[in-house]
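Asks: I am attaching a structure below and will ask some questions about it afterwards.
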Amino acid sequence: MERLTQIVLEIERIRNEMHQASDKYGLESRMVLQKSKELDALLYELQKWMWLHKR
């Protein structure tokens, strides 16, 4: 699977997990904060990939 596709799928998975955690534990929970950090890292990776592969 192409890395770009992997990143996008992972972003969607973490985003869904973050929404579920916020519904279950509240927006200020450690679980939501952890998912938010994971999402930030993936979004950074996506931006970096896009910058390196721009045409």
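The values are calculated or read from the model by the stated rules, or taken from the named source; none is laboratory data. In this text, all values refer to a predicted model and were calculated from it rather than measured experimentally. When we count neighbours, we look across all protein chains shown, and the Cβ atoms used for this are built from the backbone with ideal geometry, even at glycine.
Asks: Look through region 1-19, keep the residues that are without any contact (Cβ under 8 Å) to a residue 24 or more places away in the chain and among the acidic types (D, E), and return whichever of them is surrounded by the fewest Cβ atoms within 10 Å (Cβ to Cβ). Let's see the steps before the verdict.
Replies: Taking region 1-19 as the starting set, the residues that turn out to be without any contact (Cβ under 8 Å) to a residue 24 or more places away in the chain are 1-2, 5-6, 9, 12-13, 16-19.
Imposing the further condition that a residue be among the acidic types (D, E) reduces the set to 2, 12, 17.
Working: E2: 7, E12: 11, E17: 16.
The selected residue is E2.
Asks: In addition: Mind checking whether some residue in region 5-14 is over 14 Å from the mean Cα position of the chain (by Cα) and either modelled with pLDDT of 95 or more or not hydrophobic (A, V, I, L, M, F, W, C) (or both)?
Replies: First, the residues of region 5-14 that are over 14 Å from the mean Cα position of the chain (by Cα): none.
Scanning region 5-14, I find no residue that is over 14 Å from the mean Cα position of the chain (by Cα) and either modelled with pLDDT of 95 or more or not hydrophobic (A, V, I, L, M, F, W, C) (or both), so the answer is no.
Asks: Do we find that E38 is acidic (D, E) and either under 9 Å from the mean Cα position of the chain (by Cα) or surrounded by 12 or more Cβ atoms within 10 Å (Cβ to Cβ) (or both) in this structure?
Replies: yes
Asks: May I pose another question? From the residues in region 21-35 that are part of a helix (DSSP H, G or I) and under 17 Å from the mean Cα position of the chain (by Cα), which one is nearest to E10 (Cα to Cα)? Don't jump to the end; show me each part of the working.
Replies: Step one: list which residues in region 21-35 are part of a helix (DSSP H, G or I), which gives 21-25, 30-35.
Keeping just the survivors that are under 17 Å from the mean Cα position of the chain (by Cα) gives 21-22, 30-35.
Values: A21: 16, S22: 18, R30: 20, M31: 17, V32: 16, L33: 17, Q34: 15, K35: 11 Å.
The qualifying residue nearest to E10 (Cα to Cα) is K35.
Asks: Among the candidates S22, S29, which residue alone is at pLDDT 95 or above, surrounded by 11 or more Cβ atoms within 10 Å (Cβ to Cβ) and in contact with a Lys or Arg (Cβ under 9 Å, 6 or more places away or on another chain)? Steps first, please.
Replies: Values: S29 fails: in contact with a Lys or Arg (Cβ under 9 Å, 6 or more places away or on another chain).
Result of the check over S22, S29: S22.
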